[in-house]
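A.B. asks: My structure is below; once you've seen it, I'll send some questions.
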Amino acid sequence: MKTTLKSSENNLFMPADILLPKTEPEKWAVIACDQYTSEPRYWEKAREYVGNSPSALNIVFPEAYLSDDNSERIAEINANMKRYLESGVFKEYKNTLVYTERTVTGGKVRRGIVGLIDLKNYSYEKQSDTLIRATEETVAARIPVRVEIRKDALLEAPHVMLLTDDPEKTVIEPLAAKTDRFSLLYDFDLMLNGGHIRGMALDGETAAEVQKNLYKLIEKSDDKLLFAVGDGNHSLAAAKECYRLNKTEGSRYALVEIVNIHDESLEFEPIYRVLFGVEPKKVIDGFVSALGGEYFGEDAQKFTCVFGESEREISVKPTAKLAVGTLQNYLDKYLKENPKVKIDYIHGINAVRTLARVHNTLGFIFDGMKKSELFDAVRQDGSLPRKTFSMGHSDDKRFYLECRKL
């Protein structure tokens, strides 16, 4: 079935007036603000490396430092943006799409394109039918502080990564064979084990091909889902809210990087659940009972429950496409009824087992989502439970590099 676009949806992905630092890009680029939130030492090392050089570190707000009153730091960020713009830190590249090649952990190369999306085509509501949709549940409490950071900002630097479902690799991958046609913008090692990054400005003809091929992806689909947010769900939600508050031409758009979910460098890792302050056996029995008892049909979802030195395997009837969704549906209700119980979201089976050895602690281990399941899961369930998956290691997350004026 061919999908017909409304006139308001025609701006799928557009060139931007890109700002890049004239010198020392290795000190300018810094990892996404939502990484190393429990490890301020990482950010201290970044500060030591940057020194007094112009850096994106001075215009973003690492979440490791968020507090009840962030006004002073936000004012400093805005002042730094103004100073950078007035002092000639940037070189501007008009009407540009940037093709990127990022070498990540293990030596694989992740390819993407940086450009603008129209926020009119994006919604973070759970059952939206927009071209651009959230992949995880948006936590309302996390948006206001991001709005405060963005609403008076003079610059936008993105760490948002949007995924497109292009199994035939028609949009991004063909660019790798054409790099001799593009102008090199940057080529350097990223700080603190961040790998390597190379960026090139697409020529006009190639940029038009990219846009044309994105339209073809929509035309071949019976659903208008073009981009799913891979990283930066809450940052993009904040951009949407800023547009609602102040509908200017600058606030209507957001700078992002698009990446094909079928890129071989992208690896999805599950994020497990651990409960603290519980009686493990009661929680497990309650979970099984709430879903109608043990179930062993072909569509059954299995969980390994670990507590102390014990393990228990359970099998239940799904209430969501993904096992993590079925579990989170139950836990949301359970946590609301038991406010003293704490939950944490853990990477790695060994880490779950270690934590679960502590008295009154319960860990849930389950099969993670295959990346091939993401788009169908978003279509079926809307945005997925928060902390459903992680795309690779922290060091491989997007670095702030390209900017644009707001």
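A.B. asks: Hey, could you check the range 39-71 for residues that are modelled with pLDDT under 95 and assigned to a helix (DSSP H, G or I) and say which is farthest from the chain's Cα centre (by Cα)?
C.D. replies: My answer is SER71.
Conditions tested, residue by residue: (1) open to solvent by 20 Å² or more (accessible area, probe 1.4 Å); (2) free of Cβ contacts under 8 Å to residues at least 24 places away in the same chain; (3) touching a Ser or Thr at 6+ places or on another chain (Cβ under 6 Å); (4) within 29 Å of ALA176 (Cα to Cα).
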position: LEU19; (1), (2), (3), (4): no, no, no, yes
position: LYS27; (1), (2), (3), (4): yes, no, yes, yes
position: TYR36; (1), (2), (3), (4): yes, no, no, no
position: ALA56; (1), (2), (3), (4): no, no, no, yes
position: ASP69; (1), (2), (3), (4): yes, yes, no, no
position: GLU72; (1), (2), (3), (4): yes, yes, no, no
position: ASN78; (1), (2), (3), (4): yes, no, no, no
position: MET81; (1), (2), (3), (4): no, no, no, no
position: PHE90; (1), (2), (3), (4): yes, no, no, yes
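A.B. asks: Being over 30 Å from GLY382 (Cβ atoms) and under 24 Å from the mean Cα position of the chain (by Cα) is true for just one of ASP180, ASP203, ASP187, ASP223. Which residue is that? Write out each step before concluding.
C.D. replies: Working: ASP180 fails: under 24 Å from the mean Cα position of the chain (by Cα); ASP203 fails: under 24 Å from the mean Cα position of the chain (by Cα); ASP223 fails: over 30 Å from GLY382 (Cβ atoms).
ASP187 is the lone residue from the list that is over 30 Å from GLY382 (Cβ atoms) and under 24 Å from the mean Cα position of the chain (by Cα).
A.B. asks: Moving on to the next point. (1) within 18 Å of ARG273 (Cα to Cα); (2) outside any loop (DSSP other than H, G, I, E, B): which one isn't true of VAL378, the others all being true?
C.D. replies: All conditions are met except number (1).
A.B. asks: Cβ-Cβ under 6 Å, sequence separation 6+ or interchain: first residue in the range 257-282 and within 19 Å of VAL160 (Cα to Cα), partner open to solvent by 30 Å² or more (accessible area, probe 1.4 Å) and assigned to a loop (DSSP other than H, G, I, E, B). Which pairs?
C.D. replies: Every condition considered, the pairs that remain are ILE261/ASP165; HIS262/PRO167; SER265/LYS108.
A.B. asks: Mind checking which residues of the range 388-399 are crowded, with 20+ Cβ neighbours inside 10 Å and either among the basic types (Lys, Arg) or not in a loop (DSSP other than H, G, I, E, B) (or both)?
C.D. replies: Matches in the range 388-399: PHE389, MET391, ASP396, LYS397, ARG398, PHE399.
A.B. asks: Determine if the range 268-289 includes at least one residue that is part of a strand (DSSP E or B), closer than 30 Å to HIS196 by Cβ and touching a His at 6+ places or on another chain (Cβ under 9 Å). Outline the logic, then answer.
C.D. replies: Going through the range 268-289, the residues part of a strand (DSSP E or B) turn out to be 268-270, 272-276.
So of that shortlist, the ones also closer than 30 Å to HIS196 by Cβ come out as 268-270.
From what is left, the residues that are touching a His at 6+ places or on another chain (Cβ under 9 Å) are 269-270.
Yes, there is a match, as at least one residue in the range 268-289 is part of a strand (DSSP E or B), closer than 30 Å to HIS196 by Cβ and touching a His at 6+ places or on another chain (Cβ under 9 Å).
A.B. asks: Then there is this: Which of the residues that make up the range 334-350 are of a type outside the set (Ser, Thr, Tyr), surrounded by 12 or more Cβ atoms within 10 Å (Cβ to Cβ) and more than 26 Å from the chain's Cα centre (by Cα)?
C.D. replies: At the first step, the residues of the range 334-350 found to be of a type outside the set (Ser, Thr, Tyr) are 335-344, 346-350.
Going one step further and asking which of them are surrounded by 12 or more Cβ atoms within 10 Å (Cβ to Cβ), we end up with 335, 338, 341-344, 346-349.
Of everything in the range 334-350, those that are of a type outside the set (Ser, Thr, Tyr), surrounded by 12 or more Cβ atoms within 10 Å (Cβ to Cβ) and more than 26 Å from the chain's Cα centre (by Cα) turn out to be ASN338, VAL341.
A.B. asks: Given the range 179-256, what strands (runs of 3 or more DSSP E) lie entirely inside it while holding 3 or more residues that are at negative phi and open to solvent by 10 Å² or more (accessible area, probe 1.4 Å)? Write out each step before concluding.
C.D. replies: Working: elements: 183-189, 196-201, 227-231.
Correct list: 183-189, 196-201.
The values are calculated or read from the model by the stated rules, or taken from the named source; none is laboratory data. Just so we're clear, the structure is a prediction, and the values are computed from it rather than from any experiment. With ideal geometry, Cβ positions are generated from the backbone for all residues, glycine too; neighbour counts draw on all protein chains shown. Surface areas here come from the heavy atoms of the whole protein model, side chains and all, with no ligands, DNA or RNA. Shrake-Rupley method; radii C 1.70, N 1.55, O 1.52, S 1.80 Å.
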